[in-house]
1. From the set of residues in segment 205-215 that are surrounded by 18 or more Cβ atoms within 10 Å (Cβ to Cβ) and out of contact with any Gly (no Cβ under 6 Å at 6 or more places or on another chain), which is nearest to ASP174 (Cα to Cα)?
2. Have a look at THR263, THR222 and point out the one that is open to solvent by 20 Å² or more (accessible area, probe 1.4 Å) and at pLDDT 95 or above.
3. Could you say which residue among GLY136, GLY166, GLY202, GLY140 is surrounded by fewer than 16 Cβ atoms within 10 Å (Cβ to Cβ) and in contact with a strand residue (DSSP E or B) (Cβ under 6 Å, 6 or more places away or on another chain)?
4. So which residues in segment 25-49 are under 21 Å from VAL195 (Cα atoms) and either among the hydroxyl-bearing types (Ser, Thr, Tyr) or open to solvent by 70 Å² or more (accessible area, probe 1.4 Å) (or both)?
5. Could you check segment 171-196 and list, in sequence order, the residues that are outside any helix (DSSP H, G or I) and crowded, with 18+ Cβ neighbours inside 10 Å?
6. Those residues that are without any contact (Cβ under 8 Å) to a residue 60 or more places away in the chain and open to solvent by 20 Å² or more (accessible area, probe 1.4 Å), I need them from segment 149-163; list them, please.
Amino acid sequence: MTPTPHVPTVVKLGGSCLADLAGAWWDDLARHGRERPLVLVHGWSKPLKQLSPRYSEPSAILRDRYGNQSRWTTPEVIADIKTVSAELGQEVLRRLEQRGITAERLLGSDGLVHAGEGERWWWKEKKLVELENLVGPITGVDPAPLKNLAPGHAYLVTPLARNAAGQEVNTDADRAAAAVAGATGATDLVLVTDVAHLLIDGEPVREITARAAAEFRDKGATGGMRKKLRAAGEALERGVERVVIGSAPVSDLLAARTGTVITRT
């Protein structure tokens, strides 16, 4: 099925690799963006760690009673996320506009991304304690703020969200990108990261079904790849036709010349 011109390509830009993307990578993205609207969702892990050494300390990460990891997010952390996101946002918009793509930045918490109540019980100093951690699962996306979806134009989304109490909360960028892709009717979600492929038993995987990816996620995947596979499954459940994970230019990933393609069947 050929996508309509106003259905976007959604691209998650990994915070760990964003600064390392070469000029040729941005040239390719701009060529694609002249034909299709772009919605870019960025991470911030590396810039946040560069802002302050405390974000690299083990105490910056919490584990809940189910074993899930989360950044311990206080109002100060939200403010720091906004600071580094504004700086990297300026750079991304500059790179796009140099290549003829108009672009605007949007906070997910400004009406785009909605979150539910977050987990309150976390392990700290070997004890399960109740903490207010400003994170929350994504419950929905209202695409209305993305009102200028058109070829030649891009949105850069900072994946914060707003919960029912009106609090601004941290969300996982991969899963936010999946939710945005589903809400905008995107056929493709591209997760750009610092690894070329999904690896299973040390071997690169070129294509995998959602079911097989979920089985590997639960049994063998670790760290950031586990979250990416969860996001891929959620995107496919929301109607996205395929998810591609890799480090190459977007056109190469979409053409399946490299990277890992995840499909429903």
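1. First, pick out the residues of segment 205-215 that are surrounded by 18 or more Cβ atoms within 10 Å (Cβ to Cβ): 205, 208, 210, 213-214.
Filter once more, keeping what is out of contact with any Gly (no Cβ under 6 Å at 6 or more places or on another chain): 205, 208, 213.
Numbers: VAL205: 20, ILE208: 18, ALA213: 15 Å.
That would be ALA213.
2. Values: THR222 fails: at pLDDT 95 or above.
Among THR263, THR222, only THR263 is open to solvent by 20 Å² or more (accessible area, probe 1.4 Å) and at pLDDT 95 or above.
3. Working: GLY136 fails: surrounded by fewer than 16 Cβ atoms within 10 Å (Cβ to Cβ); GLY166 fails: in contact with a strand residue (DSSP E or B) (Cβ under 6 Å, 6 or more places away or on another chain); GLY202 fails: in contact with a strand residue (DSSP E or B) (Cβ under 6 Å, 6 or more places away or on another chain).
Criteria check complete, one pass: GLY140.
4. If we filter segment 25-49 for residues that are under 21 Å from VAL195 (Cα atoms), which is where we start, we get 25-29, 40-49.
Hits for segment 25-49 are SER45, LYS46, LYS49.
5. Looking only at segment 171-196, we keep the residues that are outside any helix (DSSP H, G or I), and these are 171-172, 184-196.
Passing the criteria: THR171, ASP172, THR184, ALA186, THR187, ASP188, LEU189, VAL190, LEU191, VAL192, THR193, VAL195.
6. Taking segment 149-163 and keeping what is without any contact (Cβ under 8 Å) to a residue 60 or more places away in the chain, we get 161-163.
Of everything in segment 149-163, those that are without any contact (Cβ under 8 Å) to a residue 60 or more places away in the chain and open to solvent by 20 Å² or more (accessible area, probe 1.4 Å) turn out to be ARG162, ASN163.
Conditions (1) polar (S, T, N, Q); (2) in contact with a helix residue (DSSP H, G or I) (Cβ under 7 Å, 6 or more places away or on another chain); (3) in contact (Cβ under 8 Å) with a residue 24 or more places away in the chain, marked per residue:
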{"position": "VAL39", "(1), (2), (3)": "no, yes, yes"}
{"position": "SER45", "(1), (2), (3)": "yes, no, yes"}
{"position": "ARG54", "(1), (2), (3)": "no, yes, no"}
{"position": "PRO58", "(1), (2), (3)": "no, no, no"}
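The values are calculated or read from the model by the stated rules, or taken from the named source; none is laboratory data. A quick note: this is a predicted structure, and the numbers were derived from the prediction, not measured. Cβ: placed from backbone, ideal geometry, glycine included. Neighbour counts: every protein chain shown. Surface accessibility is based on the protein's heavy atoms, side chains included, excluding ligands, DNA and RNA. Shrake-Rupley method; radii C 1.70, N 1.55, O 1.52, S 1.80 Å.
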